[in-house]
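The values are calculated or read from the model by the stated rules, or taken from the named source; none is laboratory data. In this text, all values refer to a predicted model and were calculated from it rather than measured experimentally. All Cβ positions, even for glycine, are placed from backbone atoms using ideal geometry, and neighbour counts span all protein chains on display. Side chains included, ligands, DNA and RNA excluded: accessible areas come from the protein's heavy atoms. Shrake-Rupley method; radii C 1.70, N 1.55, O 1.52, S 1.80 Å.
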Amino acid sequence: MAEWASAVFSGEWALGWSVVVLLLAGAVTVWCSVRLAGVGDTLADRTGWGEALFGAVLFGLVTSLSGIVMTTVAAVDGEPRLAYGNAVGGIAAQTLAVVAADAFHRRANLEHAAASLQNLLFGTLLAGLLGLSLMATFSPDVTVAGVHPASIVLVLVYIGGLHLVRRTDDPAWEAWEAVRTKETVEDVPDPEPDGAYAGRRTLSLWAEFAVIAGVVIVAGWAVTQAAQVVLSSTSLRAGLVGAGIMGVINALPEAVTSIAAVRRGAVTLAFAAIIGGNCLDVLNLAIGDLAHPGGSLFHAAGRDELFLTAAALLMTTVLLAGLLVRQKSGWFRLGFDGWTLVVVYAGTMVTLGV
């Protein structure tokens, strides 16, 4: 028993078991994400935060926990490129999750229904954070107490962005506002929703929210250990493993919770969970930089990781264009932005695999 426990916690797994762990962790993540959609939607109304802010911050934090653990564990274990690839690969995969959630919103494109100033600002914040991470890679390779200064800048910019988003309700601001159409779904708080969560106390919902967060953390650790075995046991490149395996599983919480939220009619929450989770995933680079014992994580990134970062930045730009244009429908119910996201992501994965 002691030898078995040692093998489990040291990550000395066979390749076959590692694949099983990846599949099992993905399934657990999906189940947690479905539960999280209902709990998060109810808490967003009861707290008065609104779907956009709650979804981007607390909802985004929980759905990003697995990615945070993956990046941290990979960095500590001396796999900086795997850590970096997981963070930016998760952003690319999660952005594609908008297309999956859009398929379940039958009335109009999700970008049309969920267009709001807050979602636009979160998208702009995401583009800025990705740009800063690229600048950090090409900056001087210096660290202060083992941390690159860009990591501190990323955190400060994120905090400043949240402050800006929270001020959008200030009546003194003459801010942009999405024109209401019959397909626009407004975020109207409903503190006593119908269904399974109607009679539950708020404290009970917060407790379930915390338990789900714990399960997601464990799943993230297991995925990292399994991915390292796959990387060492195959000829796959770190960029492809980080983006194509860890990144996809990292994106599962956002994708599933967004689909579940759309089915509940909480389209603003669905969109905010994706784009807010992406902002937090950029901060994974700062966390990985802190955990990496070999210097700056940004300068450990290779050609594949930088290409992946540029792809995530491009996909974010496309998403912002979709929010601004607000196309109601397109080919097979997907707008120009949805099809562009599919093409960019597919091209990115093919390029990484060549």
So how do MET349, MET70 rank on accessible area, 1.4 Å probe, biggest first, that is with the largest at the start? MET349, MET70
How do the peptides 90-96, 292-298 rank, highest first, by the average count of neighbouring beta carbon atoms within 10 Å per residue? 90-96, 292-298
Taking a crude spin-label model, label points 7 Å out from Cα along the C-beta direction, the LEU24 to ARG303 distance in nm is 3.9
Packing-based order for 147-158, 274-285, 304-315, using average beta carbon neighbours within 10 Å, highest first: 274-285, 304-315, 147-158
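Rank ARG326, ARG263 by accessible area, highest first, at a 1.4 Å probe radius?
My answer, sorted largest first, is ARG263, ARG326.
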Expected unfolding gain across VAL218-LEU203 under the 0.36 nm per residue rule, minus the alpha-carbon gap, is 3.1 nm
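Among 201-212, 121-132, how do they line up from the highest to the lowest mean number of other beta-carbon atoms within 10 Å?
On the way: 201-212: 13.6, 121-132: 22.8.
Final packing ranking: 121-132, 201-212.
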